[in-house]
Structures are given as C-alpha cells and as structure tokens.
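Only one structure is covered here, and it is reproduced in the block below.
What follows is calculated from the coordinates using simple rules that are stated; it is not laboratory data. All of these numbers come straight from a predicted model, not from anything done at the bench. FYI the Cβ positions are ideal-geometry reconstructions off the backbone, even for glycines, and counts take in every protein chain you see.
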Amino acid sequence: MARKYSKHGPREDLWRDDDDNRDEAPPPPDCWLCERPCGETVIWHHPVPKSRGGRDTVPMHPICQNMLITTFTNSELQRYGLDASLLRIEPRVEKFIAWVAGKDPEFNAPLGKKKQR
C-alpha cells in the first residue's frame, strides 16, 4: 500500500509553496487579430470554424471575435485559416483594427448583425 505522507520529513513540507510569485498573475495574452494585449475577458476563438474541421484556438478580445463573425462566412474563415496576417490586409479588418487600436482592452460595442449573402 502507498504512503499518504513522506517518511523523510514533516507533513507541512508537502504543502509548502516554493513559488514566491504566486500572487502575481501572468500577463494577458495578445489578441490574435489586433495584436493588442487582452484584458480580463479573453475569448478562445476557433480561427477555422469547428464546423469546417477547426481544432486550434487563439486568444481574442470579444469585440474582435464579434467583428470576424459578423464580417466573414465560415467558408471564408476556413480559407484564411490560422494566418491572421492575411485577415489584417483585408480592407474591412484594416479599418476595424485602426479604429480599435486606441481603445481600452475591455472595450466592447455592438457591431451590427451578420449580413445575409
């Protein structure tokens, strides 16, 4: 039968924190689309939609994800794949990134409804 506690020292040693930086939170990841640091709210977005076989996720601001969803169809997003640089040269995305660049990471605004094609 396995031991519950170490036989080489007091039990308190098992629960001791050697990590002095435990109170410091890691820095937020950068947004995949606009490349600004994310705030407290991070959306893990599938650049290639799950319905099209996408498995990878990337961190994004909620407003950036909303812009992608309302601007592009699933088949367009599948064509762009994981390459955000291709999306950034798209005129609609370029204009959005220029607009959102000076905003707070927690900024969110309604962007409208998805256009039917």
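So, in the range 93-111, of the ones that are part of a helix (DSSP H, G or I) and of a type outside the set (Val, Ile, Thr), which residue ends up farthest from residue 30 (Cα to Cα)? It would help to see each step written out before you state the result.
From the range 93-111, those part of a helix (DSSP H, G or I) are 93-100; that's our starting set.
Narrowing the set further to residues that are of a type outside the set (Val, Ile, Thr) leaves 94-96, 98-99.
Numbers: 94: 17, 95: 19, 96: 17, 98: 16, 99: 17 Å.
Per the stated criteria, the residue is 95.
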Quiz item: Failed condition for residue 59, given (1) closer than 15 Å to residue 30 by Cβ; (2) in a loop (DSSP other than H, G, I, E, B), with all others met?
Solution: (2)
Exercise. May I ask you to list pairs of residues, at least six apart or on different chains, whose Cβ atoms are under 8 Å apart, with the first in the range 86-109 being within 17 Å of residue 70 (Cβ to Cβ) and the second being assigned to a loop (DSSP other than H, G, I, E, B) and of a type in the set (Phe, Trp, Tyr)?
Key: 100/107
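Would the range 71-92 turn up any residue that is assigned to a helix (DSSP H, G or I), touching a strand residue (DSSP E or B) at 6+ places or on another chain (Cβ under 9 Å) and surrounded by 13 or more Cβ atoms within 10 Å (Cβ to Cβ)? Steps first, answer last, please.
So in the range 71-92, the residues assigned to a helix (DSSP H, G or I) come out as 71, 74-80, 84-88, 91-92.
Right, trim to touching a strand residue (DSSP E or B) at 6+ places or on another chain (Cβ under 9 Å) and you get 84.
With the extra rule that they be surrounded by 13 or more Cβ atoms within 10 Å (Cβ to Cβ), the set shrinks to 84.
Yes, the range 71-92 has at least one match.
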